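Here the structure is laid out as structure tokens; the discussion comes afterwards.
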Amino acid sequence: MRQARLVWRKSLNAVMLTLTGVAAFGVVAILFLILGYLIWNGGRSLNFDFFTQLPKPVGETGGGMANAILGSLKLLFLAALMGLPVGLLAGVYLAEFGGKVFSFVIRYTTDLLNGVPSIVIGIFAYTLLVLPVKHFSTLAGGLALAVMVIPITVRATEEFLRAIPGSLREGAMALGASQWRTIATVILPAASGGIITGMLLSLARVAGETAPLLFTAFSNRFWSPGWTQPTASLPVMIYTYAIAPYDDWHRQAWAAGLILLGLVLLANMGCRVVLSRRGITRSV
Amino acid sequence: MASASQGNNATAAQLAHQMRVSEKTPAAVEKEASVRFEISDLNFYYGAKQAVFGLNLKIPKNKVTALIGPSGCGKSTFLRTLNRMNETIRNTRVVGHILLDGQNILEMDVVKLRRRVGMVFQRPNPFPKSIYDNVAYGLRINGYSGRLNDLVEHSLKRAALWDEVKDALHKSAFALSGGQQQRLCIARALAVDPEVLLLDEPCSALDPVTTAKIEELMFQLKDSCTMAIVTHNMQQAARASDFTAFMLDGKLIEHNETSKLFTTPQDPRTEAYITGRFG
């Protein structure tokens, strides 16, 4: 009886262990499948021109997406500029200052905002910045992305701040530091590894957003001067090129996908390298 | 580094206190002069739950006062009222008088108070910064920008850590051992030259050899510092303190010179506790 139970428990253990292992392997496999597929299809169309040339007119082969690469970077810069500070400060408020009821309201609102479909956020930015001036702009696209960056940054900041042991806060307060000083000089630096990672992940997530850009930044087959003109961006270019009937465009869409993923991976790994060198990640 | 606020800021409570003092006999006045903290009728509440009941205690200058008692008896809570650390917890309330050198600390600027009353915690809590920056932290936030290097060195020497870290000042404080981290925390507290050092079970996470070092350190610091230490270790209280206060269920049961309290306790509950019959 007891023997049978032991066998049952051991085999259950083995089965569950296998299941978790398979699932974990599946997660890794998905990423590598996507990456492999992108490299296989996109890598072949990548060349120097892709980074330096403007798109060629319809019917001509060749050309590149230099304007879309720069456009994506500009949009991300705007999103970071507008979204990250708001998200960071709100996250600090949530973790360190907020009262019970108010915190709950903010947290709940943030989660809702995070769940708002990106196309709706696009409409929001469209109403706010496109309709009044009657033309698409980089600024409107940046705003739409910033709105998406905020909730992710808020929650990442809050979570990593909460993970900092209370003893650090007490240590600083006991030396006479004010609450804000404690946060700015001890708590935030201690959590910076996690917070920066969260910020980069939020930027990486919006880097691939297409829907909110369709009617905010729109697209552009030429360079987009300044911030108030429509601009090309990698995700919108992928969308446009992928549904076009030209083989050459399909190949360029794959290449753009590869570049987009490459940018995201590079940002991710870059920040990890920098952080581990500064030895901050240990405290997170 | 003596506090400039000591002489002025005379409050009504303080004047009343001084008048009370002057009515006493010369011997009593002289004894009064060597008191650093005078606590009277102290009650402390976590929300509706009372944790300290009508506590009266005098903490003498340049001596070590140990607070002993079973877990949850309110000794840590009491210690944390002395630098108003409990204010960081929501919904807490202090009723009573706590005088530091005759000044009511509840009316004092909390930053000034905490500069005069340093604290060392149960678990070493160095900041995720370099050893140097840990010690300099208190000086920097207090706007001190003079000879930081000298003061950091001096503080580390007072905490008996200098020889072990002088070549690694800019390495992370996390690279130190637990005992070294705790001495670093003491150095950090000493850097702003506090008059009082509160130690909340400073050795409970340390091994016996390191504990001995910290006790030795406390002995040396007595010249310049008044200390109050919460400890679960009765041998430690007996070894390292001059006075001992025994607390039970939020009340002060007995307070006496350490040698007397441990040899001839007046209260049966004190005797029961120090002979290990409970707690």
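Within the stretch B:138-150, can you find the residues that are within 14 Å of chain A (Cβ to nearest Cβ), modelled with pLDDT of 90 or more and surrounded by fewer than 24 Cβ atoms within 10 Å (Cβ to Cβ)?
Scanning the stretch B:138-150 gives B:LEU139, B:ARG140.
Quick check, is B:ARG93 facing chain A (nearest Cβ under 10 Å) and of a type in the set (Lys, Arg)? Walk me through it before giving the result.
On the way: facing chain A (nearest Cβ under 10 Å): no; of a type in the set (Lys, Arg): yes.
When the stated conditions are applied, B:ARG93 does not pass them.
Looking at the stretch B:210-244 only, could you name the residues that are in contact with a Phe, Trp or Tyr (Cβ under 9 Å, 6 or more places away or on another chain) and among the small types (Gly, Ala, Ser)?
B:ALA228, B:ALA237, B:ALA238, B:ALA240
So which of B:VAL95, B:VAL52 ends up being buried (at least 22 other Cβ atoms within 10 Å of the Cβ) and over 30 Å from B:GLN220 (Cα atoms)? Spell out how you get there, then give the answer.
Details: B:VAL95 fails: buried (at least 22 other Cβ atoms within 10 Å of the Cβ).
Among B:VAL95, B:VAL52, only B:VAL52 is buried (at least 22 other Cβ atoms within 10 Å of the Cβ) and over 30 Å from B:GLN220 (Cα atoms).
Read through the list (1) among the hydrophobic types (A, V, I, L, M, F, W, C); (2) surrounded by 15 or more Cβ atoms within 10 Å (Cβ to Cβ); (3) modelled with pLDDT of 90 or more, then give the number of the only condition that A:LEU46 fails.
Only one criterion is unmet by A:LEU46, namely (3).
For residues in the stretch A:123-167 being part of a helix (DSSP H, G or I) and within 14 Å of chain B (Cβ to nearest Cβ), which is surrounded by the fewest Cβ atoms within 10 Å (Cβ to Cβ)?
Ranking the qualifying residues of the stretch A:123-167, first place goes to A:GLY166.
A:LEU258 - would you say it is part of a helix (DSSP H, G or I), modelled with pLDDT under 85 and over 19 Å from A:LEU145 (Cα atoms)?
No: the conditions fail for A:LEU258.
Take the residues of the stretch A:168-201 that are within 8 Å of chain B (Cβ to nearest Cβ) and touching a Leu at 6+ places or on another chain (Cβ under 7 Å): which is farthest from B:ALA189 (Cα to Cα)?
Among residues in the stretch A:168-201 that are within 8 Å of chain B (Cβ to nearest Cβ) and touching a Leu at 6+ places or on another chain (Cβ under 7 Å), the one farthest from B:ALA189 (Cα to Cα) is A:ALA190.
State whether the residues of the stretch B:158-170 include one that is within 13 Å of chain A (Cβ to nearest Cβ) and closer than 19 Å to B:ARG123 by Cβ.
no
Give me the pairs: first residue in the stretch A:185-213 and closer than 14 Å to A:GLU159 by Cα, second residue β-branched (Val, Ile, Thr) and part of a loop (DSSP other than H, G, I, E, B), beta-carbon distance under 7 Å, and six or more apart or on different chains, which are they?
Listed pairs, sorted by first residue: A:ILE187/A:ILE164; A:ALA190/A:ILE164; A:ALA191/A:ILE164; A:ALA191/A:VAL284; A:SER192/A:ILE280; A:GLY193/A:ILE280; A:GLY193/A:VAL284; A:GLY194/A:VAL284.
For the stretch B:80-95, does any single residue satisfy the condition of being touching a residue at least 60 places away in the same chain (Cβ under 8 Å), outside any loop (DSSP other than H, G, I, E, B) and either among the polar types (S, T, N, Q) or in contact with a Gly (Cβ under 8 Å, 6 or more places away or on another chain) (or both)?
No, the stretch B:80-95 has no match at all.
Name the pairs whose Cβ atoms lie under 7 Å apart, with the first residue in the stretch A:152-177 and in contact (Cβ under 8 Å) with a residue 24 or more places away in the chain and over 12 Å from B:THR88 (Cβ atoms), the second part of a loop (DSSP other than H, G, I, E, B) and not small (Gly, Ala, Ser), and 6 or more positions between them or separate chains?
A:PHE160/A:VAL284; A:ALA163/A:VAL284
Quickly run through the stretch B:131-185 and pick out the residues that are in contact (Cβ under 8 Å) with a residue 40 or more places away in the chain, within 22 Å of A:ARG181 (Cα to Cα) and touching a Leu at 6+ places or on another chain (Cβ under 7 Å).
B:ILE131, B:ASN134, B:VAL135, B:ALA136, B:TYR137, B:GLY138, B:LEU139, B:LEU151, B:ALA173, B:LEU184
Mind listing whichever residues of the stretch B:45-75 are closer than 10 Å to B:GLY250 by Cα and either assigned to a loop (DSSP other than H, G, I, E, B) or in contact with an Asp or Glu (Cβ under 6 Å, 6 or more places away or on another chain) (or both)? Break it down stepwise before answering.
Here is the first cut: in the stretch B:45-75, the residues closer than 10 Å to B:GLY250 by Cα are B:50-55, B:69, B:72-75.
Within the stretch B:45-75, B:GLY54, B:GLY69, B:GLY72, B:CYS73, B:GLY74 meet the criteria.
For the stretch A:177-223, give me each residue that is part of a helix (DSSP H, G or I) and touching a Ser or Thr at 6+ places or on another chain (Cβ under 7 Å).
A:ALA190, A:GLY193, A:ILE195, A:GLY198, A:MET199, A:SER202, A:ALA207, A:ALA211, A:PRO212, A:LEU213
The values are calculated or read from the model by the stated rules, or taken from the named source; none is laboratory data. Remember, it's a predicted structure, so these values are computed and weren't measured experimentally. Don't worry about glycine lacking a Cβ; one is built from the backbone with ideal geometry, like all the others, and counts go over all protein chains shown.
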